[in-house]
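Novice: One structure coming up, written as structure tokens, with questions to follow.
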Amino acid sequence: MAYTIAVAGKGGTGKTTLCGILIDTLCKEGRGPVLAVDADANSNLNEVMGVDAPVTLGSIREDIKNAGASGSVPVSMTKQDYLGVKFADALIEEPDYDMLVMGRTQGTGCYCFVNGLLKTQLERLSKNYKYIVADNEAGMEHLSRGVLPGVNLILIVSDCSLRGVQAAGRIRSLVGELGMKPDAVRFIINRAPEGGPGESVLREAGKLGLDLAGIVPHDAMIYDFDRDGRPTVELPLDSPARSALSEIFAKVLPHGK
């Protein structure tokens, strides 16, 4: 089975950028194939990676849930078979990685049956990859519902604010509440100003039991890339943020895999 990494954090901490650079790092190091999963309905992992994402699994779930009323499933196919066809349409295929965008369901009511179908598809697909990297929202919806495969490593990302660190602490607590048992949960402080995050931030992280893997400095190049609409994964390897992340990834990723 694939080694699964979940990246989580509150909005605005730069976790999607970090997630994209992680995926790009795995590919550049020859650790692929990688399945990238954009599991944050508000994120834009595909833009960070520089690919289009015309179909989301959220829209497919809506279609499947309402299939009985709309008659969209051919009479000769089961919902499971139909989901498999639609699932293939949603898979973005790149040379070193593939991507799925989960998206958000818009309707009301229970999606348990459809989520069960989706989980089966993801479990089947995961066998084709060495790594799965999932960009999650703070509530980790798809993990809490058991849609995504079991997680080996959780990376929690925060900025240098106390509120950000406290949000990271809540995510850390949520991991236990959900009964998840990853091999490791590591904490990354992102966008640190010159001089570092400050003693109060580090004290708060320690008080909350966050296991600090490293600190990523503020990098003006990331903002330049965003402004110009360039994929963040095109950052040069010696940029401040990318250099720091390379050291962190070398520390937290499994060796020999």
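FYI, it's all coordinate maths here, none of it is from the lab. None of the values given here were measured: they were computed from a predicted structure. Here the Cβ is made from the backbone with ideal geometry for all residues, glycine too, and neighbour counts use every protein chain on show.
Novice: Can you divide the C-alpha Rg of the stretch 192-254 by 2.2 N^0.38 Å and report the result to two decimal places?
Specialist: 1.30
Novice: If you don't mind, another one. Rg/Rh for the stretch 114-257: what does it come to with C-alpha atoms and Rh from Kirkwood?
Specialist: Radius of gyration relative to Kirkwood radius: 0.99.
Novice: What pairs in Lys10/Lys251; Lys28/Lys79; Lys130/Lys207 have C-alpha atoms more than 32 Å from each other?
Specialist: Beyond 32 Å between Cα atoms: Lys28/Lys79; Lys130/Lys207.
Novice: More than 24 Å apart: what percent of Cα pairs in the stretch 3-252 qualify?
Specialist: The calculated P(r) of the stretch 3-252 puts 47 percent of pairs beyond 24 Å.
Novice: Estimate the FRET efficiency between Ala220 and Glu141 by the formula 1/(1 + (r/R0)^6), using the beta-carbon distance for r and 22 Å for R0, to the nearest 0.05.
Specialist: Working from the Cβ atoms, E equals 0.10.
Novice: In addition: Which helices, taking whole DSSP H runs in the chain, have alpha carbons extending 24 angstrom or more along the helix axis plus mean Kyte-Doolittle at least 0.0?
Specialist: Flagged H segments: there are none.
Novice: How would you order 212-225, 126-139 from highest to lowest mean count of nearby Cβ atoms within 10 Å?
Specialist: The densest-packed peptide leads the list: 126-139, 212-225.
Novice: Still on this model: Sort largest first and round to whole Å: the equivalent ellipsoid semi-axes of the stretch 1-74, each the square root of five times a Cα gyration tensor eigenvalue.
Specialist: Rounded to whole Å, the semi-axes are 29, 16, 11.
Novice: Would you mind calculating the relative contact order of the chain from Cα pairs under 8 angstrom and at least 6 residues apart, reporting the percent as a whole number?
Specialist: Answer for the chain is 27 percent.
Novice: Let me ask another. Can you compute the radius of gyration and Dmax for the stretch 134-215, using only the Cα atoms, both in Å?
Specialist: Using the Cα atoms of the stretch 134-215, the pair Rg, Dmax is 12.9, 41 Å.
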